[in-house]
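Enquirer: Supplied in structure tokens, the structure appears directly below.
The values are calculated or read from the model by the stated rules, or taken from the named source; none is laboratory data. Keep in mind the model is a prediction, meaning the values are calculated, not measured. Glycine gets a Cβ as well: all are built from the backbone with ideal geometry, and neighbour counts include every protein chain shown. Just so you know, the surface numbers come from the protein's heavy atoms only, side chains and all, with ligands and any DNA or RNA stripped out. Shrake-Rupley method; radii C 1.70, N 1.55, O 1.52, S 1.80 Å.
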Amino acid sequence: TKYGITLRTLKSHKPGATDQTVKDLTLNDAVSIYKKDYATPFLFIDDIRVFNFIFNSAVQHGVERTILFCQRACGFQNKDIDGEMGIRTRSAIMAMDKLDFMIKLISHRCKFYGSITAHNSPNIRFASGWFNRISKDLGVF
């Protein structure tokens with residue numbers, strides 16, 4: 001891992017990547033990967049605080065799971081929760097009060113942390129760091 005980019009992620013951009021390719025990764029290459037893989041689906045969000053929280057979530061949990069969090073925070077139900085950043089999801093995010101959206105988004109992210117520690121108790125050792133990440137984001141609201 002370099003700049004938080006794993007060999008697996010790098011291989012999705014450079015199929016022949018090796019451990020040496022990771023070691024040779026430049027900061028510009030890493031920024032490009034972060035933008036393409038984690039930021040692009042959320043660039044429509046005009047509040048930098050909300051964007052940063054969602055970007056952080058996408059990096060940690062993946063884009064699809066982060067979209068699921070967003071859809072649940074917007075009140076989507078059952079079949080409408082699909083993990084796709086379509087026009088309905090974008091419109092719902094933009095229509096919500098930012099603070100209300102963030103509170104609900106944080107709630108869903110915390111529930112997820114709870115579920116992965118309940119089902120895999122060795123993960124409990126990471127819980128403090130996970131909640132510190134959320135706590136930092138709460139400090140900007």
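Enquirer: In the chain, how does Rg compare with the Kirkwood Rh, expressed as the Rg/Rh ratio over alpha carbon atoms?
Expert: When Rh is taken as the Kirkwood radius, the ratio is 0.99.
Enquirer: Next question, about the same structure. Say R0 is 25 Å: what FRET efficiency, to the nearest 0.05, do residue 3 and residue 87 get from their beta-carbon distance?
Expert: Once the sixth-power term is evaluated, E becomes 0.15.
Enquirer: Between the DSSP loop rule and a limit of at most 15 other Cβ atoms within 10 Å, which trypsin sites (Lys or Arg not before Pro) in the range 1-57 are left?
Expert: Filter output for the range 1-57: empty list.
Enquirer: Can you pull out the chymotrypsin sites (Phe, Trp or Tyr not before Pro) in the range 40-120 whose DSSP state is coil and whose Cβ has at most 16 other Cβ atoms within 10 Å?
Expert: Those that pass, being in a loop and sparsely packed, are 44, 76.
Enquirer: Run lengths n ≥ 4 of DSSP H only: what is the helix-derived mean residue ellipticity at 222 nm for the chain, with -39500 (n - 2.57) per run over all residues, to the nearest 500?
Expert: Result for the chain, helices only: -19000 deg cm²/dmol.
Enquirer: What is the sum of charges, Lys and Arg at +1 and Asp and Glu at -1, for the other residues whose Cβ falls under 9 Å from the Cβ of residue 98?
Expert: -2
Enquirer: From the backbone phi of the range 75-80, what are the Karplus-calculated ³J(HN,Hα) couplings (6.51 cos²θ - 1.76 cosθ + 1.60, θ = phi - 60°) in whole Hz, Gly and Pro given as x?
Expert: Per-residue couplings from phi come out as x, 4, 10, 5, 5, 7 Hz.
Enquirer: For the chain, return all DSSP H helices satisfying: extent of Cα atoms along own axis at least 18 Å; mean Kyte-Doolittle hydropathy at least -0.5.
Expert: Those that clear 18 Å and a mean of -0.5 are 48-61, 98-119.
Enquirer: Still on this model: Please compute, for the alpha-carbon atoms of the range 25-86, the extent along each of the three principal axes and give them in descending order in Å.
Expert: For the range 25-86, the Cα extents along the three principal axes come out at 42, 21, 18 Å.
Enquirer: Quick check: Cα centre of the range 103-125 to Cα centre of the range 29-73, how many Å?
Expert: 18
Enquirer: I need to check one value: relative contact order of the chain, counting alpha carbon pairs closer than 8 Å and at least 6 residues apart, in percent.
Expert: For the chain, the relative contact order is 16 percent.
Enquirer: Whole number in Å², please: accessible area per residue of the chain, 1.4 Å probe, ligands, DNA and RNA not counted.
Expert: Per residue, the chain has 59 Å² of solvent-accessible surface.
Enquirer: Give me the net charge of residue 33's neighbourhood, meaning all other residues with Cβ under 13 Å from the Cβ of residue 33; Lys, Arg count +1, Asp, Glu -1.
Expert: +4
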